[in-house]
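Structure first, commentary second.
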Amino acid sequence: MSVDIRTRRDSDQAPVDPQLFFGETLPAQLDAHQALIEPGARSLGLRTFALEIEGEAWTLAWRDGRVDVSSGITPGPRARLSVEQFSDLVNDQSTPIALMSNNLLDMPEGGLPDFLNWWLVLRSALDARRIHAQGDLKIEKALLRSFSPEDSDELMREYLEQFGYLHIKGLFSAEEMAAVESDFSVAAPHFEKSDPRAWFAQTHDGVEHLVRMEGFDRYSSTCTELIDEARFQRIGTIPGLDHSQGTRKPGTRVGALVKPIGVVRGISDVPWHKDCSLGRHSYECSNLTVGISVTGANAASGQLRVVPGSHRALVWPAPCLQPGLDLEPLDLPTQTGDVTVHLSCTQHMAQPPVERERKVLYTGFGQSPVDPEATEFQRHRLQEVRSKTHTSVSQEPGHLGD
C-alpha cells in the first residue's frame with residue numbers, strides 16, 4: 001500500500017467536448033467500471049439528474065442497477081455549467097464543492113446532495129475507483145492508537161497507510177510552544193483585513209478576531225527553527241516516498257490559527273472535508289498536512305476529528321459526512337507540543353471551542369511533481385479554478401485549515 005495514489009498528469013489534460021463525452025466516452029466508461037459503481041451506487045438513492053452545458057443538456061438516471069445517459073432534460077434537479085467548468089469537473093480540476101465555495105454553483109432547483117451523489121458515479125467511472133459501499137472497510141477500534149517520537153518510521157508508515165492519520169505525542173516541549181505562542185502577538189500587527197494571507201472572524205459579542213496568519217514563520221524565528229529541526233522534518237520521510245517542503249519558500253510554510261469561542265461570521269472552524277474536496281485528488285494525493293498543538297485541544301477547545309480509513313473511500317469530500325456512511329469519526333485530543341498528521345484525502349474537521357480558545361500551527365509536506373514540466377501550467381490552473389475562494393491562501397493546495 002502507498003499513499004501516493006496519483007493517476008493523472010496536468011500535461012495530459014484536454015478540453016472536453018460534451019457531446020462526445022455523453023455520447024461515447026461516459027457510456028463506455030460506465031460499462032467498463034460497472035462492478036466498481038453498482039455496489040456503492042445502490043445505497044445512494046440516486047435521483048434523475050441533468051447537466052446543462054451552455055444550452056445543451058444530458059440526463060443521468062439510475063435504472064435496474066445501471067446508469068442510463070440520455071440527451072435532454074427531465075424534471076428534477078440539474079446543474080448548469082459552462083464548457084470550461086464542465087471540462088474542469090471531468091478532468092478532476094474542480095468539484096461541486098469547489099463551485100459552491102466560489103459561489104459558482106448554479107442549481108435552479110437546488111439539490112447539492114444529488115450533485116455529490118452523481119459526482120461519485122462520475123469519478124468512479126472516469127478514475128476506476130470503487131464507490132464506497134457498506135462493509136468495504138473494516139476499521140478495528142482496538143488498532144487505533146497514538147505514537148511517540150521513539151516509535152519507528154516503519155510502524156508509523158504502516159499505520160498512516162491504513163488509517164490516514166497519525167497522532168505523535170510530545171514532539172515539542174511546553175516551553176518551546178510557549179515561545180511560539182508569544183510570537184502570535186508579534187506577528188499579528190503585520191496582518192490586516194485587506195491582506196489575502198489573513199483570515200478574520202466575528203464572535204457573538206461583535207468583536208472581530210484575526211484567526212489565521214499565513215506566513216507566520218516569517219515573523220517567528222522560533223517557529224522556523226523548530227520546523228527545520230530533524231525531529232520535525234522526519235515526518236516528511238515517514239511515508240517512505242519523496243514528501244518535502246521544497247515547494248514552499250521560507251516565510252510561507254506555516255499558518256498560525258487561533259480558534260476563538262463563539263464565532264458567528266467568517267472562516268474559523270471548517271466542517272467535515274477532505275483537503276482534496278476542491279479537486280485534483282488524482283493529481284496530488286496524498287500530501288501530508290501537519291498540525292502542531294501550540295495549546296492542547298479537547299472537545300471543549302476545538303479538537304481535531306478524523307474519519308480513519310476515509311482516505312481509501314470514494315465518498316462525499318465535503319461539506320458534511322455522507323449520510324449512511326459506516327466509517328466512524330474519531331476524536332484526536334492533544335496536549336501542548338503534540339503533532340497531528342493527516343493525508344490530504346482523509347476526512348477531518350475541527351470542533352468549535354466552547355470553553356477556551358485553541359492555538360495551532362499548520363504546515364505540510366508535498367510530493368514532488370509527477371509532471372515537472374507542467375508545474376507552471378498547474379499553478380495557473382489552480383489559480384484559475386480556485387479564484388475568489390479562501391483556500392487560495394492555504395498551506396497546501398486544497399487545505400482548508402482546521
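The values are calculated or read from the model by the stated rules, or taken from the named source; none is laboratory data. Just so it is clear, the model here is predicted, and its values are computed rather than measured. With ideal geometry, Cβ positions are generated from the backbone for all residues, glycine too; neighbour counts draw on all protein chains shown.
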Task: Pairs, first closer than 20 Å to A256 by Cβ in segment 161-182, second part of a helix (DSSP H, G or I) and among the polar types (S, T, N, Q), C-beta under 9 Å, six or more apart - done: E176/T222; A179/T222; V180/T222; S182/T222
Open item on the list: If a residue must be of a type in the set (D, E, K, R), farther than 17 Å from D136 by Cβ and without any contact (Cβ under 8 Å) to a residue 40 or more places away in the chain, how many such residues does segment 20-52 contain?
Closed with: 3
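This table checks each residue for (1) among the small types (G, A, S); (2) outside any loop (DSSP other than H, G, I, E, B).
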{"residue": "D68", "(1), (2)": "no, yes"}
{"residue": "P75", "(1), (2)": "no, no"}
{"residue": "R80", "(1), (2)": "no, yes"}
{"residue": "Q85", "(1), (2)": "no, yes"}
{"residue": "A98", "(1), (2)": "yes, yes"}
{"residue": "W118", "(1), (2)": "no, yes"}
TODO: Keeping to segment 347-374, report how many residues are more than 15 Å from the chain's Cα centre (by Cα) and either assigned to a loop (DSSP other than H, G, I, E, B) or modelled with pLDDT of 95 or more (or both).
DONE: 16
Open item on the list: Residues to consider are W118, W62; find the one that is aromatic (F, W, Y), in the same structural domain as F21 (by TED's automatic domain parsing) and without any contact (Cβ under 8 Å) to a residue 60 or more places away in the chain.
Closed with: W62
Task: Answer residue from segment 270-285, given it is under 15 Å from Q351 (Cβ atoms) and not in a strand (DSSP E or B) and is modelled with the lowest pLDDT among those - done: V270
Open item on the list: Exactly one of these conditions fails for K141: (1) more than 20 Å from G309 (Cα to Cα); (2) touching a strand residue (DSSP E or B) at 6+ places or on another chain (Cβ under 9 Å); (3) modelled with pLDDT under 95. Give me its number.
Closed with: (1)
Open item on the list: On the basis of being in contact with a strand residue (DSSP E or B) (Cβ under 9 Å, 6 or more places away or on another chain), farther than 29 Å from E328 by Cβ and assigned by TED's automatic domain parsing to the domain that holds P15, does E109 make the cut?
Closed with: yes
TODO: For residues that are closer than 23 Å to S87 by Cβ and outside any helix (DSSP H, G or I), tally how many sit in segment 1-15.
DONE: 8
Task: Among the residues listed as A50, A35, A41, the single one being closer than 15 Å to R123 by Cα and crowded, with 18+ Cβ neighbours inside 10 Å - done: A41
Task: Every residue from segment 4-47 that is of a type in the set (S, T, N, Q) and under 25 Å from the mean Cα position of the chain (by Cα) - done: T7, S11, Q13, S43
Open item on the list: Here is a list: R212, R231. Which entry is modelled with pLDDT of 95 or more, of a type outside the set (D, E) and within 20 Å of the chain's Cα centre (by Cα)?
Closed with: R212
TODO: Considering only segment 3-49, state which residues are under 22 Å from Q134 (Cβ atoms) and among the acidic types (D, E).
DONE: E38
Task: Scope segment 242-269; condition buried (at least 17 other Cβ atoms within 10 Å of the Cβ), among the hydrophobic types (A, V, I, L, M, F, W, C) and part of a loop (DSSP other than H, G, I, E, B); matching residues - done: V254, I261
Open item on the list: For segment 260-288, which positions are in contact with a Leu (Cβ under 7 Å, 6 or more places away or on another chain) and of a type in the set (V, I, T)?
Closed with: V270
Open item on the list: For segment 275-317: of the residues being of a type in the set (A, V, I, L, M) and touching an Asp or Glu at 6+ places or on another chain (Cβ under 6 Å), which is surrounded by the most Cβ atoms within 10 Å (Cβ to Cβ)?
Closed with: V294
